[in-house]
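Contents: one structure, followed by commentary.
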Amino acid sequence: MKHKQILLIIMLLAVAATSCFAANNAVRFNPGTPNDYISLGLNQYNQLFSGASGLTFEGWVKPASTSSLSRIFNILADGHSSAFALDIEADGSLSAIARSRNWEASPNSITANTVAGAIVAEEWYHIAVVVSYASGDKYIRIYIDGNATPAAQNNSPTFANTAYVSGTFSAYPNVDAFGRQVENSKLPYVGLMDEFRIWKYARTIAEIQADMNRELPAPYPISLIGYWKFNEGSGTTAFDSSASGIDGALLDGTDWADGNPTLPVELSSFTAVLTADLFVRLQWTTQSETGVSGFYIYRGISDKLADAIIVSPLIAPSNTGELQNYEFVDAELYDSGTYYYWLSVHNMDGSVDYYGPNTVLYNSNAHQDTPEIPLISGLSSVYPNPFNPSTTIAYGLAKDADVSFVIYNSRGQIVRQITEGQKAAGNWKLIWNGLDENADDCATGIYYIRMNAGKDSFVKKAALLK
């Protein structure tokens, strides 16, 4: 069986949330007097922390300088003591302090400090600080760029309380802020900041690694109590996407900048499947990409990459923080046997990463025995997308299931619920007319369509443009 050309299909399906990385925006803190900062209002998070057995603070920073003490983030316990503070020290180290109640001294406070030179100026870093107040497991840890080994940690069994205790503010009312300690304009931070989150529990390093290079998809868990994507690009408000809704006010010249953290390719899947036409369909999904020149597919007749050949043209990357799906079909197989496939990722810095091999057993004489295409549960497509006023949602069921749909806006709020009821295995379609639960037209924006089929859930993104 001979095919005269390679069939190339490239699918770029953006199905995750609109990403701060994709938007290529960051918030910028400029040098000067008075110093820039983002106000989060008067002591609101101290109350939200109440009763927490742990907390996690994480985000991306790109400091313009590491030669002077500067404060990335500050939560006031009583306006005088910090419930939480994250600083860059003058030697390029990071320091964090957390308290379990509104008093200055140990045993109510716990600190951690990295080694000097842990970060340098003009480089992006993902920083996560995890605090646990739990009995028998009290600690504070600083993670840099998702490294499984903490850059600093302090395990303090004498750390007071087993949950956070809110402070009072009669003596020193003040504001929570990004970019400096607002009281007396202390410790100004100069540089960029992006994608900052606060969680009301102590996250594991595996959870941090899974989410650090992507924007979180809606709906958001209730444990996420602060989420500033810094996507806005204009205006003087940094919106909080979490249910807390504590928007930040950009003050004293704080503004927006182009630029985003440099993200590696985060590959979530790479598969090779023989089609009914006896082609080999290669599919891969990336959670994020930055600095990628393109992809190649390699094919070999052994498991040695050195003996494989390139069978695809250079496949263009998306270089975004959104989830992307790609597909290449190899239609140039001749002889029966086992074939091995690799995916190579070529980066702009000249480096190359390889994934695979995936194997396919090919029989050139089996073309008359067309295999049955299996049914797959999930959302097949949303078309048109963008849409106005309606769009068709195509979905499949591998087995009978009770099906329903929930549609969320970009803030994670439910705008429409649709019940399909019990459906037999097969392929189905549903039309959403762009109306909410009150039969009112939905506004222009990004919406997330979640399909529930039995115990399984699937999500796709759709854009309504008017």
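The values are calculated or read from the model by the stated rules, or taken from the named source; none is laboratory data. Since the model is a prediction, treat every value here as computed from it, not as a measurement. Reconstructed Cβ throughout: ideal geometry from the backbone, glycine too, with neighbour counts over all protein chains shown.
Answer yes or no as to whether Asn438 is in a strand (DSSP E or B) and either surrounded by 19 or more Cβ atoms within 10 Å (Cβ to Cβ) or not basic (Lys, Arg) (or both). Full working, then the answer.
On the way: in a strand (DSSP E or B): no; either surrounded by 19 or more Cβ atoms within 10 Å (Cβ to Cβ) or not basic (Lys, Arg) (or both): yes.
So Asn438 does not fit the description; no.
If Gln287 satisfies all but one of (1) farther than 24 Å from Phe196 by Cβ; (2) modelled with pLDDT under 90; (3) assigned to a strand (DSSP E or B); (4) not charged (D, E, K, R), what's the number of the condition it fails?
(1)
Quick check on Ala77: is it touching a Gly at 6+ places or on another chain (Cβ under 8 Å), modelled with pLDDT under 80 and within 28 Å of Leu42 (Cβ to Cβ)?
Working: touching a Gly at 6+ places or on another chain (Cβ under 8 Å): yes; modelled with pLDDT under 80: yes; within 28 Å of Leu42 (Cβ to Cβ): yes.
Taking the combined requirement at face value, the residue satisfies it.
Could you tell me whether segment 297-313 includes any residue that is of a type outside the set (S, T, N, Q), touching a residue at least 12 places away in the same chain (Cβ under 8 Å), surrounded by 17 or more Cβ atoms within 10 Å (Cβ to Cβ) and not in a strand (DSSP E or B)?
Restricting attention to segment 297-313, the residues satisfying the condition of being of a type outside the set (S, T, N, Q) are 297-301, 303-311, 313.
Within this subset, residues satisfying the condition of being touching a residue at least 12 places away in the same chain (Cβ under 8 Å) are 297-301, 303, 305, 308, 310-311, 313.
With the extra rule that they be surrounded by 17 or more Cβ atoms within 10 Å (Cβ to Cβ), the set shrinks to 297-300, 308, 311.
So of that shortlist, the ones also not in a strand (DSSP E or B) come out as 308, 311.
Checked against the condition, which is being of a type outside the set (S, T, N, Q), touching a residue at least 12 places away in the same chain (Cβ under 8 Å), surrounded by 17 or more Cβ atoms within 10 Å (Cβ to Cβ) and not in a strand (DSSP E or B), segment 297-313 yields at least one hit.
Give me a count of the residues in segment 415-466 that are over 13 Å from Val382 (Cβ atoms) and either in contact (Cβ under 8 Å) with a residue 12 or more places away in the chain or outside the structural domain of Val382 (by TED's automatic domain parsing) (or both). Reasoning before the result, please.
Taking segment 415-466 and keeping what is over 13 Å from Val382 (Cβ atoms), we get 415-428, 433, 435-445, 452-457, 465-466.
Restricting the remaining residues to those that are either in contact (Cβ under 8 Å) with a residue 12 or more places away in the chain or outside the structural domain of Val382 (by TED's automatic domain parsing) (or both) gives 415-428, 433, 435-437, 441-445, 452-454, 456, 465-466.
Selection size over segment 415-466: 29.
Would you mind telling me which numbered condition in (1) closer than 30 Å to Ser244 by Cβ; (2) in contact with a strand residue (DSSP E or B) (Cβ under 6 Å, 6 or more places away or on another chain); (3) not hydroxyl-bearing (Ser, Thr, Tyr) Glu322 fails?
Among (1) closer than 30 Å to Ser244 by Cβ; (2) in contact with a strand residue (DSSP E or B) (Cβ under 6 Å, 6 or more places away or on another chain); (3) not hydroxyl-bearing (Ser, Thr, Tyr), Glu322 violates only (2).
Only one of (1) touching a helix residue (DSSP H, G or I) at 6+ places or on another chain (Cβ under 7 Å); (2) free of Cβ contacts under 8 Å to residues at least 24 places away in the same chain fails for Glu322. Which number is that?
Among (1) touching a helix residue (DSSP H, G or I) at 6+ places or on another chain (Cβ under 7 Å); (2) free of Cβ contacts under 8 Å to residues at least 24 places away in the same chain, the lone unmet condition for Glu322 is (2).
Please specify each residue of segment 371-401 satisfying the condition of being surrounded by 13 or more Cβ atoms within 10 Å (Cβ to Cβ) and among the acidic types (Asp, Glu).
Residue satisfying the conditions is Asp400 alone.
Scan segment 164-179 and give yes if some residue there is at pLDDT 90 or above, in a loop (DSSP other than H, G, I, E, B) and of a type in the set (S, T, N, Q), otherwise no. Walk me through it before giving the result.
First pass over segment 164-179, keeping only residues at pLDDT 90 or above: none.
Checked segment 164-179: no residue is at pLDDT 90 or above, in a loop (DSSP other than H, G, I, E, B) and of a type in the set (S, T, N, Q).
Is there a residue in segment 251-264 that is out of contact with any His (no Cβ under 9 Å at 6 or more places or on another chain), surrounded by 20 or more Cβ atoms within 10 Å (Cβ to Cβ) and modelled with pLDDT of 85 or more? Show your work before the answer.
Narrowing segment 251-264 to residues out of contact with any His (no Cβ under 9 Å at 6 or more places or on another chain): 251-260, 262-264.
Now restrict to residues that are surrounded by 20 or more Cβ atoms within 10 Å (Cβ to Cβ): 254, 260, 263.
Going one step further and asking which of them are modelled with pLDDT of 85 or more, we end up with 254.
Within segment 251-264 (the criterion being out of contact with any His (no Cβ under 9 Å at 6 or more places or on another chain), surrounded by 20 or more Cβ atoms within 10 Å (Cβ to Cβ) and modelled with pLDDT of 85 or more), the answer is yes, since at least one residue qualifies.
Being touching a Phe, Trp or Tyr at 6+ places or on another chain (Cβ under 7 Å), part of a strand (DSSP E or B) and surrounded by 20 or more Cβ atoms within 10 Å (Cβ to Cβ) is the filter here, so list the residues in segment 131-160 that pass it.
Passing the criteria: only Ser132.
Limited to segment 1-43, what total is found for residues that are over 21 Å from the mean Cα position of the chain (by Cα), modelled with pLDDT under 80 and crowded, with 18+ Cβ neighbours inside 10 Å?
2
Checking Ala243 against (1) among the small types (Gly, Ala, Ser); (2) at pLDDT below 90; (3) part of a loop (DSSP other than H, G, I, E, B), which single condition isn't satisfied?
(2)
Out of the residues in segment 323-343 meeting the condition of being out of contact with any His (no Cβ under 9 Å at 6 or more places or on another chain) and farther than 17 Å from Phe270 by Cα, tell me which one is surrounded by the fewest Cβ atoms within 10 Å (Cβ to Cβ).
Filtering segment 323-343 for residues that are out of contact with any His (no Cβ under 9 Å at 6 or more places or on another chain) and farther than 17 Å from Phe270 by Cα, the one surrounded by the fewest Cβ atoms within 10 Å (Cβ to Cβ) comes out as Asp335.
Going through segment 220-243 one residue at a time, which ones are buried (at least 18 other Cβ atoms within 10 Å of the Cβ) and within 19 Å of Thr56 (Cβ to Cβ)?
Across segment 220-243, the qualifying residues are Tyr220, Leu224, Ile225, Gly226, Tyr227, Trp228, Lys229, Phe230, Asp240, Ser241, Ser242.
Tell me yes or no: at least one residue of segment 375-386 is among the hydrophobic types (A, V, I, L, M, F, W, C) and without any contact (Cβ under 8 Å) to a residue 60 or more places away in the chain. Can you show your working first?
Taking segment 375-386 as the starting set, the residues that turn out to be among the hydrophobic types (A, V, I, L, M, F, W, C) are 375-376, 379, 382.
Subsequent filtering for residues that are without any contact (Cβ under 8 Å) to a residue 60 or more places away in the chain retains 375-376.
Yes.
Given the residues Gly396, Gly412, which is the only one that is within 23 Å of the chain's Cα centre (by Cα) and not assigned by TED's automatic domain parsing to the domain that holds Gln287?
Numbers: Gly396 fails: within 23 Å of the chain's Cα centre (by Cα).
Within the list Gly396, Gly412, the selection yields Gly412.
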